[in-house]
Amino acid sequence: MVAVALPTRRERRLPTRSGKSYFIRTFGCQMNEHDSERIAGLLEADGMNAVASIDEADLVVLNTCAIRENADNRLYGNLGHLKADKDARPELQIAVGGCLAQKDRTIVRDRAPWVDVVFGTHNIDRLVSLLDQADEWGPVTEILDESSSVPDLPAKRDDPHRAWVTIMIGCNNSCTFCIVPSLRGAEMSRRPSDVVSEVRRLVADGVVEVTLLGQNVNSYGRDLDLGGRKPLFADLLRQVGAVEGLERIFYTSPHPKDFNRDVAEAMAETEAVCEHLHLPLQSGSDRVLAAMHRGYNAERFLGKVEMAREVLPDLALTTDIIVGFPGESEDEFQATLDVVAASQFDSAFTFIYSPRPGTAAAGMVDDFIDPDVVRERYLRLTGLQDEISFDKNKATVGQTLRLLSGGPSRKDDAVTSGRSRTNKTVNVAGSVAAGQLFDAEVTIAHPHHLTGRLV
């Protein structure tokens, strides 16, 4: 029997930074956003307070992403600007964490020696101790190669009504374009009881919506052995959905090769689980998918889409697509357009291929595609998807949708910004308190959002 590591508990300590301030800048995905909430929780437990700008901060934390090449430029560009702040205020502390720190390790301080702490994806819980060490001994870089367990850390949420909940860390896939597995490590799942307990605590604190997080949520539980049984993601959805007072559940991200009918049925049978599925396509070409090591072909992907819509007729489907993967021909790009047209995604995150050092695809230099060709293909893809997205939104006009208020719109305080169970933004004239559920009739469709009226 495989032993399951219990969550790491932090040793109690007296706050040592009371009255000091921090500022966190986050780059990248939802996992990073949640990691930043946990970093904030650690700092606040140590007596610090958040401020709105670097100029007010005693500590600046950059939580980095390594998915795309411009992530490097953004980090070192930000660090270049921070050098002037450090020169003007030598007592200012600068910490760099996240995936790019995990990747670059000592390079961070080689390029920016004014950084005080560099930490990775496996030792967020050590940040306060590393700051202590930097105070006493000077700059420190600590990067661990793996996690021993999923740490149980406090989180400071910006939204009191919605929360991220990590159900697993790491990834066991080997997509040739992706650097995440080498930075986040092997898959490690939290016990179902720990996840459910966290959700109960969040609901007691006023949360009505959670998003379950994992690099590949459909492989949740495969590394656990609970009395000879491995929990499944479908089981977890039902257990979380049974938490009294929880109104909504989203999750991200599943992998098409592992998305099966049991999860679709759990979504349909669990009232709190919303009718939204993010299913990353990446390419519609069978050859390109094989070169990417995705584990499915176009026909199998479309079969998953058909199955999901059969079980969940009101499903909204979103995706990720890469344009210009090494060796992609015009015919292979056209295959992607064909799958996009057949799938009728509600929206898509589209990316131009960016080689990441350390990935297999980065070595396919002889097959790199002319950037002008890639840009032209990218515009064709986004043009097609924009048309589909607009048509999908037009189909909602006249429908009454149940929305969760996010409070006033960023552009107009007289407008409430709500989000539907299909993850669509609906702007409604009038004031509805953040965290409240309300009904609105869709009156106008826009390419990327909706306008409605209160009913």
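Determine the pairs where a residue that is within 29 Å of Cys99 (Cα to Cα), located within the stretch 329-357, has a partner that is polar (S, T, N, Q) and modelled with pLDDT under 95 with Cβ atoms under 9 Å apart, the partner being 6 or more residues away or on another chain.
Note: pairs meeting the criteria are Ser354/Asn70.
So if I check each of Leu127, Leu131, which one is under 30 Å from Val203 (Cβ atoms) and in a helix (DSSP H, G or I)?
Values: Leu131 fails: under 30 Å from Val203 (Cβ atoms).
The conditions single out Leu127.
Pairs only if they're at least six apart or on different chains, beta carbon under 7 angstrom, first in the stretch 390-410 and on the phi > 0 side of the Ramachandran plot, second at pLDDT 95 or above and part of a loop (DSSP other than H, G, I, E, B); list them, first residue then second.
Gly407/Ala434
Quick one: in the stretch 141-178, which of the residues that are of a type in the set (Ser, Thr, Tyr) and in a loop (DSSP other than H, G, I, E, B) is nearest to Glu247 (Cα to Cα)? Show your work before the answer.
Step one: of the stretch 141-178, the residues of a type in the set (Ser, Thr, Tyr) are 141, 147-149, 166, 174, 176.
Next cut, in a loop (DSSP other than H, G, I, E, B) only: 147-149, 174, 176.
Details: Ser147: 32, Ser148: 33, Ser149: 29, Ser174: 35, Thr176: 38 Å.
For the stretch 141-178, the residue satisfying everything is Ser149.
Name the single residue, out of those in the stretch 23-53 being more than 17 Å from Thr121 (Cα to Cα) and touching a helix residue (DSSP H, G or I) at 6+ places or on another chain (Cβ under 6 Å), that is surrounded by the most Cβ atoms within 10 Å (Cβ to Cβ).
Only one residue fits best here, namely Asp46.
Could you run through the stretch 211-239 and say how many residues are of a type in the set (D, E, K, R), out of contact with any helix residue (DSSP H, G or I) (no Cβ under 6 Å at 6 or more places or on another chain) and not in a loop (DSSP other than H, G, I, E, B)?
First, pick out the residues of the stretch 211-239 that are of a type in the set (D, E, K, R): 222-223, 225, 229-230, 235, 238.
Okay, now just the ones that are also out of contact with any helix residue (DSSP H, G or I) (no Cβ under 6 Å at 6 or more places or on another chain), so 222-223, 225, 229-230, 235.
From what's left, not in a loop (DSSP other than H, G, I, E, B): 229, 235.
So the answer is 2.
Working only within the stretch 172-188, note down all residues that are closer than 20 Å to Val288 by Cβ and either not aromatic (Phe, Trp, Tyr) or not assigned by TED's automatic domain parsing to the domain that holds Leu281 (or both). Full working, then the answer.
Let us first name the residues in the stretch 172-188 that are closer than 20 Å to Val288 by Cβ, namely 173-181.
The answer is Asn173, Ser174, Cys175, Thr176, Cys178, Ile179, Val180, Pro181.
Search the stretch 372-402 for residues being touching a Gly at 6+ places or on another chain (Cβ under 8 Å) and assigned to a helix (DSSP H, G or I), and hand back the single one that is farthest from Cys274 (Cα to Cα). Give the steps one after another, and end with the answer.
First, pick out the residues of the stretch 372-402 that are touching a Gly at 6+ places or on another chain (Cβ under 8 Å): 373-374, 377-378, 401.
Going one step further and asking which of them are assigned to a helix (DSSP H, G or I), we end up with 373-374, 377-378.
Details: Val373: 39, Val374: 35, Arg377: 33, Tyr378: 30 Å.
That would be Val373.
Could you grab me the full set of residues in the stretch 186-204 that are over 19 Å from Ala155 (Cα atoms) and among the aliphatic types (A, V, I, L, M)?
Once the filter is applied, which keeps residues that are over 19 Å from Ala155 (Cα atoms) and among the aliphatic types (A, V, I, L, M), the stretch 186-204 yields Ala186, Met188.
Looking only at residues that are among the hydroxyl-bearing types (Ser, Thr, Tyr) and farther than 18 Å from Pro280 by Cβ in the stretch 163-207, which one is surrounded by the most Cβ atoms within 10 Å (Cβ to Cβ)? Give the steps one after another, and end with the answer.
Going through the stretch 163-207, the residues among the hydroxyl-bearing types (Ser, Thr, Tyr) turn out to be 166, 174, 176, 182, 189, 193, 197.
Then drop every residue that is not farther than 18 Å from Pro280 by Cβ, which leaves 166, 182, 189, 193, 197.
Numbers: Thr166: 22, Ser182: 17, Ser189: 26, Ser193: 11, Ser197: 14.
Selected residue: Ser189.
For the stretch 367-394, name all the residues that are within 28 Å of the chain's Cα centre (by Cα) and of a type in the set (A, V, I, L, M).
Of everything in the stretch 367-394, those that are within 28 Å of the chain's Cα centre (by Cα) and of a type in the set (A, V, I, L, M) turn out to be Val374, Leu379, Leu381, Leu384, Ile388.
Which pairs turn up if I take residues in the stretch 36-56 that are within 9 Å of Phe23 (Cα to Cα) and look for partners that are part of a helix (DSSP H, G or I) with beta carbon separation below 7 Å, at least 6 apart in sequence or on another chain?
Ala50/Ala40; Ile54/Asp85
For the subset of the stretch 32-57 comprising residues that are within 12 Å of Asp158 (Cα to Cα) and among the charged types (D, E, K, R), which member is farthest from the chain's Cα centre (by Cα)?
Start the filter on the stretch 32-57 by keeping residues that are within 12 Å of Asp158 (Cα to Cα), which leaves 33-34, 36-38, 40-41, 50.
Still in the running and among the charged types (D, E, K, R): 33, 37-38.
Numbers: Glu33: 7, Glu37: 13, Arg38: 14 Å.
Among those residues, the one meeting the criterion is Arg38.
Taking into account only those residues within the stretch 403-452 that are acidic (Asp, Glu) and assigned to a strand (DSSP E or B), which is surrounded by the most Cβ atoms within 10 Å (Cβ to Cβ)? Talk me through it step by step, then tell me what you get.
Kept after step one, since they are acidic (Asp, Glu), are these residues of the stretch 403-452: 412-413, 439, 441.
Still in the running and assigned to a strand (DSSP E or B): 439, 441.
Values: Asp439: 13, Glu441: 16.
Only one residue fits best here, namely Glu441.
So how many residues does the stretch 81-101 have that are in contact with a Lys or Arg (Cβ under 9 Å, 6 or more places away or on another chain) and surrounded by fewer than 20 Cβ atoms within 10 Å (Cβ to Cβ)?
Counting residues in the stretch 81-101 that are in contact with a Lys or Arg (Cβ under 9 Å, 6 or more places away or on another chain) and surrounded by fewer than 20 Cβ atoms within 10 Å (Cβ to Cβ) gives 1.
Within the stretch 265-278, track down each residue that is touching a residue at least 40 places away in the same chain (Cβ under 8 Å) and over 22 Å from Cys171 (Cα atoms).
Start the filter on the stretch 265-278 by keeping residues that are touching a residue at least 40 places away in the same chain (Cβ under 8 Å), which leaves 265, 267-268, 274-278.
Residues satisfying the conditions are Glu265, Met267, Ala268, Cys274, Glu275, His276.
Cβ-Cβ distance below 6 Å, separation of 6 or more or different chains: which pairs start in the stretch 243-262 with a residue that is farther than 16 Å from Glu198 by Cβ and end on one that is hydroxyl-bearing (Ser, Thr, Tyr) and assigned to a loop (DSSP other than H, G, I, E, B)?
Pro256/Tyr296; Lys257/Tyr296
The values are calculated or read from the model by the stated rules, or taken from the named source; none is laboratory data. Note that the structure is predicted; figures quoted are calculated from it, not measured. We place every Cβ from the backbone using ideal geometry, glycine too, and count neighbours over all the protein chains shown.
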